[in-house]
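Laboratory data are not the source of any read-out in this text; all were calculated from the coordinates shown. In this text the structure is predicted, and so the values were computed from the model without any measurement. When we count neighbours, we look across all protein chains shown, and the Cβ atoms used for this are built from the backbone with ideal geometry, even at glycine.
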Amino acid sequence: MSTRTPTPRDVAPAARRTPRDAASASRARKPGGPLRAVRRNLVVIAGICTLAYMILPNVVVMIFSFNKPNGRFNYEWQRFSTDAWTDPCGVADMCGSLSLSLQIAAWATLGATVLGTMIAFALVRYRFRARGAVNSLIFLPMAMPEVVMAASLMTLFLNMGVQFGFWTILIAHIMFCLSFVVTAVKARVMSMDPRLEQAAQDLYAGPVQTFLRVTLPIAAPGIAAGALLAFALSFDDFIITNFNAGSTVTFPMYVWGSAQRGTPVQINVIGTAMFVVAVLVVLAAMLLGRRRKRQQGG
Amino acid sequence: MSATEAPPAPPANTPGPDDVAGPTPPRRRGVRVRGRLVPYWLLLPGMLWLLVFFALPMIYQASTSVQTGSLEDGFRVTWHFATYWDVFSEYWPQFVRSLAYAAVATVLCLALGYPLAYLIAFRAGRWRNLVLILVIAPFFTSFLIRTLAWKTILADGGFVVDVLNTLHLLDVTSALGITEGDRVLATPLAVVCGLTYNFLPFMILPLYTSLERIDPRLHEAAGDLYAAPFTTFRKVTFPLSLPGVVSGTLLTFIPAAGDYVNADLLGSTDTRMIGNVIQTLFLRVLDYPAAAALSFILMAAILAAVTVYLRKSGTEDLI
């Protein structure tokens, strides 16, 4: 990168920019200057405003995790305290619901990822009769309002006399996560060069060996993206769970209930922790990827 | 899993005409015929799951919607289609309201999301990944917690209400009927604000994907042909981002129309959406036929709206 001799390409834009920059600089000295700068960067300003709108609730959640409310509701700022942070599981049932949600999300991710990856491979790698039907059956759950799906699954369970609880939640979560996994994995597998697998087979790798050594590693980022999406969707799902949980309480349902009974500060602690952990994980993954790229490139 | 109880797969008798073709014909690079049944075995478990827990429930719900009876005596299929008319005539205001709120929220999402997507795609430079993370990260705090935070932000006498009051904007919005007196919470404005907030990422991500695909040289070309920045946007950038606009609006509108969480947490009885009605009928009133009929009407309304929209926008091949 650094030892490259400058090519005409590198020089050209700079040369082109100079007169325009000079012009804008001279205008900036005139009274209308700052306004012009605002107009030129309108997109950036609008974008940052949207970003602020998106992050505002997270900031509020974070601030109010240090609140010490007088009543049961944590809606008004009273005074600073770290009580909730030192005792995050201090409220009844909250951490239980949290661990239940994590378990369900883990199993739902596993189920949806395995089933979804299989479907994605079948759709991309093979031609068969029912393709159109399969594609629309994959698409429909994503295009259906959640209430409709939730309610219809509930009528099925009611009609079959199934006991609502862990298993009905898990079944529902695998069902609605499946389509998202298929879409994510499909995108990755479609961009894969099939000749790599042919090459492996030409080098006498068996089908299983080819799959484990060549296909799976290449598809892995897509599968990981699908799994992450499934985990996030399942962990955060409220509407479908609300209909199919019976008296079982997952974390979103606990939060929902607390909105009626009174919200403990600990909910904000969990919310903040989730946000921070997510940002750190993503940042770490990004840095790791950058370092690997640099090592490969260097 | 469910593959263990697999029936002698009916698709077995129907090998695709392609499968007989033998050694890879030109258009099917890499598709090897290892065994005709392989794709069907790959599909079987997942498809069974969707058929049993997605398609079959729809049929059950259809049959529930034409039943009559009560919870004590049991429901029986009596082909009582009048339920559809009854629920529609009773709840049409909530229907209209849901579609209106969802439409307004979708338009707001587009207006707010487009600049941000544009910023990430073209102007963020080396900050791109960081901004993308900031768009996705709020997702990870449970959306119910974030919606509850809006309760604090919009609270009576809170910051937002004070600012709006000082600017005398609340008088305007009250006159328009989207707020009431001195409050924002429990008004249509609050519900639409929550809907917009919650579905914004679903707008931004597709917009970003389609904007990112645009070759920046097209912008340079437009500039070289003396197009003003706004003309470039109107004639080049926006038309090329249309697939993102279409999928973004769909991803926002459909879930927003069926949502009941925002209307419940941020609204009042006057802002109930159709999702709230369905939820109440199913889980509190236990009037299953009426609830099933309502959710079918909702589904039909959304499907109709989406079909018309896709026709108009001329991007049917998108899905």
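What to note about this one:
- Sorting the segments B:139-146, B:172-179 by their residues' average number of neighbouring beta-carbon atoms within 10 angstrom, most packed first, yields B:139-146, B:172-179.
- Whole-number D in µm²/s for region B:82-197 (Stokes-Einstein; Kirkwood sum over Cα pairs; 20 °C, 1.002 mPa s): 127
- Cα-only Debye scattering, chain B: base-10 log of I(q)/I(0) at q = 0.10, 0.15 Å⁻¹: -0.85, -1.28
- Local net charge near B:V131, Cβ-Cβ under 15 Å (Lys/Arg +1, Asp/Glu -1): +2
- Hydrodynamic radius by Kirkwood, which averages 1/r over all alpha carbon pairs of chain A, in angstrom: 24.2
- GNM top mover of A:P69, A:P34, A:P141 - chain A, alpha-carbon springs below 10 Å: A:P34
- Kyte-Doolittle mean at least 1.6 and Cα axial length at least 24 Å: DSSP H helices in chain A: A:42-64, A:166-190, A:216-236
- Karplus (6.51, -1.76, 1.60) ³J(HN,Hα), θ = phi - 60°, over region A:245-250, in Hz, Gly and Pro reported as x: 9, x, 9, 6, 10, 8
- For the peptides A:39-45, A:283-289, residues were scored by their other Cβ atoms within 10 Å and the scores averaged per peptide; the highest-first order is A:39-45, A:283-289.
- Note that region B:179-247 shows a convex hull volume over its alpha carbon atoms of 107 Å³ per residue.
- Computed over region A:121-254, the convex hull of the alpha-carbon atoms projects to a mean area of 9.9 nm².
- Just checking the listed ones, B:A124, B:A190, B:A105: in the Gaussian network model of chain B with Cα springs under 10 Å, the one fluctuating most is B:A124.
- Applying a 4.7 Å cutoff between beta carbons, the unpaired cysteines of chain A are A:C49, A:C177.
- With Cα atoms as the point set, the radius of gyration and Dmax of region B:33-104 evaluate to 19.9, 58 Å.
- Taking every alpha-carbon pair under 8 Å whose residues sit at least 6 apart, region B:193-319 reaches a relative contact order of 23 percent.
- Rg/Rh for region A:40-179, where both radii come from Cα atoms and Rh is the Kirkwood radius: 1.12
- Over all other residues within a Cβ to Cβ distance under 14 Å of A:A105, the charged ones net out to -2, with Lys and Arg as +1 and Asp and Glu as -1.
- Top of A:V147, A:V181, A:V281 by mean-square fluctuation, Gaussian network on chain A, Cα under 10 Å: A:V281
- log10 of Debye I(q)/I(0), alpha-carbon scatterers only, for the protein assembly as shown at 0.05, 0.10, 0.12 Å⁻¹: -0.26, -1.05, -1.43
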